Amino acid sequence: MNDSQDQALRIVSIADRVYEQLRDRITHGELEAGSRLHQANISSELGVSRTPVREALARLAADGLVELLPNRGARVADVSLADMRTSYEARLGVEPLAARFAAERREPEDLERIRASLAHQHGARSARGIYEAMREFHLALVDAAHNPQLSRFARGLWAGRISLHVVIKQAGDEDLAVDADEHEEILAAIERSDGPEAERLMNQHIADSLERLLEHSLQQPMVRGREPSDAPGSASASASSASEKWAR
């Protein structure tokens, strides 16, 4: 490998890390919708050049998380009701089929991972913890189908429009309890190797989740913001403070 190829690989690796940090801070609500993202601030904060920052922003734009503004940099994309509806509709084409395959193909370690995500969901006390557990349940289940294409599609959907602020929209205690119960039923069908029932339950689960989401969205404005539990001095508040430097 020559020097130019080695340098190109290093840049790609750095761009991956920048992408992951920005993506996580957007999906976790630490960077709010409409926030400007200045390349100079991001590169200074992360200690990298602007080249990997530009590449990371381009990837985030492809995910639908960032808008690239001609001659004005970038900003965190807003998420409309139509965006959320289309994401959930796309999930209906991916996750029920994955649930059927998971029931037929899952390995013991797949079941352990899904069970661990459910335990996390039951024990979570913050919107962020609930979101991370829900996301892990669905991605672990799709991975249990052992179909790389389905896993790639699912990750693309959960990396983009299905983020923390969407979960907050549904975060009534009753709704969250229903969600966990439905997850338990889906897992039970997979453990019984009942593919048709796992597929049916997942299809119903996503359709019901969309209905709950739309109902809550009509009752309150769409806001992407900091969790109420993020008091000054907490770890998440510190992360938000760091993120605000990027958006100044």
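Going through (1) modelled with pLDDT of 90 or more; (2) touching an Asp or Glu at 6+ places or on another chain (Cβ under 7 Å); (3) surrounded by fewer than 23 Cβ atoms within 10 Å (Cβ to Cβ) one by one, E107 falls short only on (2).
Could you say whether any residue in the range 128-145 is in a helix (DSSP H, G or I), loosely packed, with under 15 Cβ neighbours inside 10 Å and among the basic types (K, R)?
Pass one, the range 128-145, residues in a helix (DSSP H, G or I): 128-143.
Add one more test, that the residue is loosely packed, with under 15 Cβ neighbours inside 10 Å, and what stays is none.
No - not one qualifying residue is present in the range 128-145.
I need the full set of residues from the range 192-230 which are hydroxyl-bearing (S, T, Y) and at pLDDT 85 or above, in order please. Answer for the range 192-230, where residues must be hydroxyl-bearing (S, T, Y) and at pLDDT 85 or above: S193, S209.
Looking at this structure, is R54 of a type in the set (K, R), over 16 Å from the mean Cα position of the chain (by Cα) and farther than 24 Å from L141 by Cα? Steps first, answer last, please.
Working: of a type in the set (K, R): yes; over 16 Å from the mean Cα position of the chain (by Cα): yes; farther than 24 Å from L141 by Cα: yes.
When the stated conditions are applied, R54 passes them.
Residue under question is S43, and the condition is that it be hydroxyl-bearing (S, T, Y) and in contact with a strand residue (DSSP E or B) (Cβ under 6 Å, 6 or more places away or on another chain); does it hold? When the stated conditions are applied, S43 does not pass them. In the range 110-127, of all residues being surrounded by 18 or more Cβ atoms within 10 Å (Cβ to Cβ) and hydrophobic (A, V, I, L, M, F, W, C), the one that is nearest to E184 (Cα to Cα) corresponds to L118.
Residues that are under 27 Å from A145 (Cα atoms) and buried (at least 18 other Cβ atoms within 10 Å of the Cβ) were ranked within the range 66-89; the one that is modelled with the highest pLDDT is Y88.
I'm trying to understand the selection: among the residues of the range 25-47, which are part of a loop (DSSP other than H, G, I, E, B), in contact with a helix residue (DSSP H, G or I) (Cβ under 7 Å, 6 or more places away or on another chain) and among the charged types (D, E, K, R)?
Our first condition is that a residue be part of a loop (DSSP other than H, G, I, E, B); within the range 25-47, this holds for 28-35, 38, 47.
Among the residues that remain, those that are also in contact with a helix residue (DSSP H, G or I) (Cβ under 7 Å, 6 or more places away or on another chain) are: 28-31, 35, 38.
If the condition is that a residue be part of a loop (DSSP other than H, G, I, E, B), in contact with a helix residue (DSSP H, G or I) (Cβ under 7 Å, 6 or more places away or on another chain) and among the charged types (D, E, K, R), then E30 is the only one that fits.
The values are calculated or read from the model by the stated rules, or taken from the named source; none is laboratory data. Note that the coordinates shown come from a computational prediction; the quantities given were computed from them, not determined experimentally. Backbone-built Cβ (ideal geometry, glycine too); neighbour counts: all protein chains shown.
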